[in-house]
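The values are calculated or read from the model by the stated rules, or taken from the named source; none is laboratory data. Being a predicted model, the structure only gives us computed values, none of them experimental. Ideal geometry is used to build each Cβ from the backbone, glycine not excepted, and the neighbour counts take in all protein chains shown. Each accessible area value is taken on the protein alone, full model and side chains, heavy atoms only, with ligands, DNA and RNA left out. Shrake-Rupley method; radii C 1.70, N 1.55, O 1.52, S 1.80 Å.
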Amino acid sequence: MKSLIILLFLILNSLFFSGYTKGQDKKRDFSVEVDSVLRLMTLEEKVGQMIQYSNNRLNTGPAINTNNVTEEVRTGRVGSVFNVLSVEHTRQYQDLAMQSRLKIPLLFGLDVVHGMKTTFPIPLAEAASFDLALMEKAAEISAAETSAYGIHWSFAPMVDISRDARWGRVMEGAGEDPWYGSQVAKARVKGFQGDSYEDRKTIMACAKHFAAYGAVVAGKDYSEADISENTLHNIYLPPFKAAVDAGVATLMNGFNEINGIPATAHKGLQRELLKQEWGFDGFVVSDWGSVSEIATHGMAKDNKEAAKLAVLAGCDMDMESMSYERNLVDLVNEGQLDIRFINDAVKRILTKKFELGLFDDPYGYTYRSNEIDDENIVSSYRTVARDIAVKSIVLLKNQQEVLPINPNVQKIALVGPLNKSRKDMLGSWVAVGTEDGVISVYEGLRTALPDVEITYIEGYDLETNELKTLPETDHFDLVIVAVGERAQESGEAKSKVDINVHKNQQQLVKTLKEESTSPVVTLLMGGRPLVFSDMEPLSDAILMTWWLGTEAGNAIADVLTGKHNPSGKLPMTFPKYIGQCPIYYGHKNTGRPWQPDNRYVTGYMDETVLPAYPFGFGLSYTDFEIGKPKTDRETYEMGDTVQVTVDVKNTGTRLGTETVQLYLRDMVSSVTRPVLELCGIQQVALSCGEEKRITFTLTTNDLGFYAAENKFVVEPGQFKLFAGNSSDNLESSSFELID
Ligand code: GLC
C-alpha cells in the first residue's frame, strides 16, 4: 500500500511540476522523484530497467534474444523496446508495462537515421550540404514524425569520424573532419531534442558509436580500432564531446575494441571520461549484442563476467544480449557487483523517463498519429526534404558548361536503371520510409522538362550489372547516365574491398561517349566515396547524388535544369585508387612531405598520393573569387579572439552559394599537428558580380589540441590561416600567438 501511495505522490508531483522548462539545459531536477521510485524497486525491477529488447518484427541485427518480450514487459523486467513501428503497437506494449507492479513506463526507440516516414538524404549526403541549420531542421522533422508514431528515442546521430570509404557505415556519418563532425553532431542533437520535450514532438537523440568505430582497421566492419590516444582525443572524440555539450540524452557504445578494450567494456571512456570528466548525465546503451560480445572479444570468460565488466565500465542498458537479464541479480546477490552501480544506471534511465513526461502520461506520445498522413504536414516535410537534397548534390565536373541543361536540348537519353529506381534513392536505415512516393530521376526530369523528349534506356541490368544492347544514341542532344552502387551496398555490415564503380557501368559510359556526339552527364549514386578513374575522362559532367531520399528525382532535376545552382561540397575525400584508403586532407606533414617528382617523400611509387577529389571540393555553375584571410591583428595573447575577414566575389554568370572554408595550421607544437584543420565554414549567396566581406571569429581555445597525456593545450607560436572553397584551393595568411 505504502509503495502505491508514494507512486501516486510521484505522479501527482510530476503532473504539477512537469519536467518541462524551456531549454534542455535548464531541465528540471527529478532526483527526488527518481530516488523515491528507486526506493520502491526490487533488485529484479532495477535490473529490468537496464534491459532493452528489439521488437522482433524488425531485426536490425543477428537474432539473439530468445525471451518472451511481452511476458518480460508485463512483469516489469524491461526498460525499453525498440523497432516498434506503430502507435498501436507502442500502446500494446505500454499496456503490458502498466500491468507490472510499479507501472514504470517503457521507452520506445528506433534507428531514425535520416528520416522516419519522409526520407531525407543519407547523413553523408546531408553533410555535403554544409548547411547546419537545414540539417537541424531535417532532424527536427524526423523527430516530429517519429514522435507521431509513439516513439521517444532515435539511435542517431551517428557521429563516427570516418576516413576509409571501404567501411560501409561512412554513409551514416558526417565524414572525415572532427571540427565539422562536431558541428553536425550538435545540429542533429538539437534538431532531434529541441529545447524541451514539452510538446512531445521532440525525442531523445543518441550519439553513437562511442567510440572510434569509424577507425576500424582497413575499413572492415566490427574490426578493431588500433589508434593512438592522441588520435582518439583529437580526431574521434570531439563529435561526442560536442553532442554531450549539446545535451544529448543518450550515447550508444560500439562493437569495436579500442586499443585492446571493447568499447562496451571501456571504463576509461564511459565512466571516467564521459560521465566523470565530461559530466554526462544521460545513459549509455550497448549496441545490439555488444555486452555479450565482450566474451567473444576475449576479455571475459563468459556472459556473466561480460555483464559485470560492462556495468562497471558504465554501460547502463543492455540491448538484446540478455547478459544483464541473466546475470546482474546473481552478481549483486553474490557480492560480485556493488548495488551502487545498478542504482546509478537505473537513476539515469528513470530520469530520462521523467524528463520525457512518461510518468505524467505513459501514452503521452500516442496522440498525434493523425499527423502521419496529414497531406499538408507531409507536403511541408517534403519541401524541406527536397531543399536539403538539392543542396547535398556535389558537382564534380562540368566541362564546357554542359550543365545546366541547355534550353535548346530537345531529346535526352536517360540511361541506366538507377534512373528509374525509387527504392535505391532511400539508402540504408530507412525506418518506415518506403519507395511509395519516392520521386525517381526519370519522374523528376519528366516533371521538370515536360516539353523535352526523354527516352529511357536500360543500359545494364540493375541486379547483375550485365550490359544491355544499346540502341542508336547519336540523335540525342544529351545523354544522362546513372551509375554507382545499390542502396544496400552501404550501411552496416557493408564493408567492401572494391569501391570502384562496376567495370561494366564504367564501360557503358565509355561506349555512350564513343558512340554519341552528344555530351554525357554522369549521375554518380552511392553511400560512400567511389572510385571511377576509367569513366571520369569520358564524362563531360559528373554529379555526386548519393542517396537523396524521398525527393531525389526532383532534387536532381532541379540541379540538372539549373533551377538550383549546385552548392554541395565533399565531406569526405574521394580516393583516386582504393590503395590510397584511408585518405584524408588533415594528414600530418611527416618529415618528408609529398612533392611531385621527388622520390624520397611520403607517397607511392606506382600512383599519385593525391585524391580524385579533395575534402571540401564542389563546383558551381558560377565562379567565385575568395581572397586571403585577413586577421585584425598580427599578434594575439591567450584568451583573445581572432577576427578573420575574407572577401568573396561572384565572378561568374549566375546567382550561386559558396561555402567558404577556413582552415588552420599550427606550425610548431609539442605533438605534430595536421597540415590543415577546418575551423570555420560560412555559406554566402551572391548574385553575379556581387562581393561580400565575411567574418570568422576564433578564440585562442580554437587553436588548442590534445597533447601528451591527453591534456588539452593551447600553445604559443606561429599559426597559418587558409581560406578557400576546397581543402586544396586556399589563400593563406599568418599570425602569432604569444604567451
Ligand atoms: C545495429 C547498429 C546500431 C543500431 C542498433 C539498433 O547493430 O550497430 O547503429 O542503432 O543495432 O538497430
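So the values come out like this:
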| quantity | calculated |
| --- | --- |
| Residues located in segment 611-641, provided they are open to solvent by 70 Å² or more (accessible area, probe 1.4 Å), over 29 Å from ILE583 (Cβ atoms) and assigned to a strand (DSSP E or B) | LYS630, GLU637 |
| Hits in segment 642-652 (condition: assigned to a strand (DSSP E or B) and surrounded by 15 or more Cβ atoms within 10 Å (Cβ to Cβ)) | VAL642, VAL644, THR645, VAL646, ASP647, VAL648, LYS649, ASN650 |
| Selection from segment 679-724 of residues that are under 20 Å from VAL646 (Cβ atoms), outside any strand (DSSP E or B) and open to solvent by 30 Å² or more (accessible area, probe 1.4 Å) | SER687, CYS688, GLY689, GLU690, ASP702 |
| Which numbered condition LEU124 fails, given (1) within 16 Å of the ligand (Cβ to nearest atom); (2) outside any helix (DSSP H, G or I); (3) in contact with a Pro (Cβ under 7 Å, 6 or more places away or on another chain) | (2) |
| Selection within segment 653-674 - part of a loop (DSSP other than H, G, I, E, B) and out of contact with any Ser or Thr (no Cβ under 9 Å at 6 or more places or on another chain) | VAL668, SER669, SER670, VAL671, ARG673 |
| Subset of segment 550-600 (residues that are crowded, with 19+ Cβ neighbours inside 10 Å, under 21 Å from PHE617 (Cα atoms) and charged (D, E, K, R)) | ASP558, LYS569, LYS576 |
| Residue check for ALA185: open to solvent by 10 Å² or more (accessible area, probe 1.4 Å), touching a strand residue (DSSP E or B) at 6+ places or on another chain (Cβ under 8 Å) and either among the small types (Gly, Ala, Ser) or touching a residue at least 60 places away in the same chain (Cβ under 8 Å) (or both) | no |
| Tally, over segment 485-520, of residues that are under 15 Å from ILE578 (Cβ atoms) and among the hydrophobic types (A, V, I, L, M, F, W, C) | 3 |
| Residue within segment 270-279 that is within 16 Å of the ligand (Cβ to nearest atom), outside the structural domain of LYS711 (by TED's automatic domain parsing) and modelled with pLDDT of 95 or more present | no |
| Single residue of segment 80-112 satisfying the filter (within 17 Å of LYS352 (Cβ to Cβ) and among the polar types (S, T, N, Q)) that is farthest from the ligand (Cβ to nearest atom) | GLN94 |
| Failed item, numbered, when VAL73 is tested on (1) under 18 Å from VAL432 (Cα atoms); (2) away from the ligand (no atom under 15 Å from the Cβ); (3) open to solvent by less than 10 Å² (accessible area, probe 1.4 Å) | (1) |
| Unmet requirement for ASN65, which otherwise passes all of (1) at pLDDT 95 or above; (2) open to solvent by 10 Å² or more (accessible area, probe 1.4 Å); (3) not charged (D, E, K, R) | (1) |
| Meets criteria (outside the structural domain of PRO571 (by TED's automatic domain parsing), away from the ligand (no atom under 16 Å from the Cβ) and modelled with pLDDT of 95 or more) for TYR197 | yes |
| Hits in segment 204-226 - residues which are farther than 19 Å from SER290 by Cβ and away from the ligand (no atom under 14 Å from the Cβ) | ALA218, GLY219 |
| Top-ranked residue of segment 127-169 - restricted to ones that are in a helix (DSSP H, G or I) and among the basic types (Lys, Arg), ranked as farthest from the ligand (Cβ to nearest atom) | LYS137 |
| Hey, GLN52 surrounded by fewer than 16 Cβ atoms within 10 Å (Cβ to Cβ) and at pLDDT 95 or above or not | no |
| Residue selected from segment 462-518 under the condition in a loop (DSSP other than H, G, I, E, B) and within 16 Å of the ligand (Cβ to nearest atom), by the criterion surrounded by the most Cβ atoms within 10 Å (Cβ to Cβ) | SER490 |
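Let's see how each residue does on (1) open to solvent by 30 Å² or more (accessible area, probe 1.4 Å); (2) touching a residue at least 60 places away in the same chain (Cβ under 8 Å):
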site	(1), (2)
ASP373	yes, no
ASP387	yes, yes
SER392	no, yes
LEU403	no, yes
